[in-house]
Amino acid sequence: MGETITRPPHLHEVQVVVERAQPEDLDEILRVMRHWNMHRIPSPEMPHLDLDRMFVARVDGRIVGAAGYELLSPARGKTTLMGVAPEFLGTGIGKALQDERLRAMATAGAKTVSTNADRPASIRWYTKHYGYREVGTLKKLHSFGSEEIDSWTTLEMDLEGW
């Protein structure tokens, strides 16, 4: 899928392609995740990365974002990693990735989706744009995500209502 995303006024428009990840994308996905401290895979927080359920965003052929998901049951999905290269924050790439993984989970039959997030800005983004609600917290098992925050906020959304 190709779409033009308008970047902040001081930057130009970019052509973004969101597509399924390929095995050869792993190193570039981890490069993007490194900035967010979500690159330690395998680890207690992320035992494996299922590239079959991962999307990448490319600008000029370069991966600038990635987002994954898993199916916990036939009716329940869960997001996994999502990260956007810092120089592309605020451009809509995160939304394009989130929309694509939500569509994939809905197509697979998921009715609800859960997400774990640690950064307050991320939690606000999920609740504002996707109607997630906070349902609990989980203690982190390992250094992953924000080093200053020791637990995940668990969020849930109604995928059928989206």
- Message: For the stretch 129-150, give me each residue that is surrounded by 13 or more Cβ atoms within 10 Å (Cβ to Cβ), farther than 17 Å from Arg40 by Cβ and in contact (Cβ under 8 Å) with a residue 24 or more places away in the chain.
- Response: Tyr130, Gly131, Tyr132
- What tally of residues in the stretch 115-128 results from selecting those that are within 21 Å of Met54 (Cα to Cα) and surrounded by fewer than 17 Cβ atoms within 10 Å (Cβ to Cβ)? 1
- Item | Residue satisfying all of: in the stretch 39-64; in contact with a helix residue (DSSP H, G or I) (Cβ under 6 Å, 6 or more places away or on another chain) and part of a strand (DSSP E or B); surrounded by the most Cβ atoms within 10 Å (Cβ to Cβ) among these | Ala57
- Query: What are the pairs, 6+ residues apart or on separate chains, where a residue within the stretch 82-95 that is at positive phi and without any contact (Cβ under 8 Å) to a residue 12 or more places away in the chain has its Cβ under 8 Å from a residue that is open to solvent by 40 Å² or more (accessible area, probe 1.4 Å) and assigned to a loop (DSSP other than H, G, I, E, B)?
  - Reply: none
- Task: Output the residue which, of all residues in the stretch 3-25 that are open to solvent by 40 Å² or more (accessible area, probe 1.4 Å) and acidic (Asp, Glu), is modelled with the lowest pLDDT.
- Result: Glu3
- Query: Counting only residues that are within 24 Å of Pro23 (Cβ to Cβ) and in contact with a Ser or Thr (Cβ under 6 Å, 6 or more places away or on another chain), which one in the stretch 71-103 is surrounded by the fewest Cβ atoms within 10 Å (Cβ to Cβ)?
  - Reply: Lys78
- Message: Any residue that is surrounded by fewer than 20 Cβ atoms within 10 Å (Cβ to Cβ), part of a loop (DSSP other than H, G, I, E, B), over 16 Å from the mean Cα position of the chain (by Cα) and not hydrophobic (A, V, I, L, M, F, W, C) - is there at least one of those in the stretch 30-38?
- Response: no
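Quick one: which of Ala67, Ala96, Ala117, Ala108 is more than 14 Å from the chain's Cα centre (by Cα) and small (Gly, Ala, Ser)? Lay out the reasoning, then the answer.
Details: Ala67 fails: more than 14 Å from the chain's Cα centre (by Cα); Ala96 fails: more than 14 Å from the chain's Cα centre (by Cα); Ala117 fails: more than 14 Å from the chain's Cα centre (by Cα).
None of the other options fit; the residue is Ala108.
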- Could you list, in sequence order, all residues of the stretch 135-150 that are closer than 20 Å to Tyr69 by Cα and in a strand (DSSP E or B)? Val135, Gly136, Thr137, Leu138
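The values are calculated or read from the model by the stated rules, or taken from the named source; none is laboratory data. No experiment lies behind these values; they were computed from the predicted model shown. Glycine also receives a Cβ, built like all others from the backbone with ideal geometry; neighbour counts cover every protein chain displayed. Ligands, DNA and RNA are stripped out before the accessible areas are found, and what is left, the full protein with its side chains, is counted by its heavy atoms. Shrake-Rupley method; radii C 1.70, N 1.55, O 1.52, S 1.80 Å.
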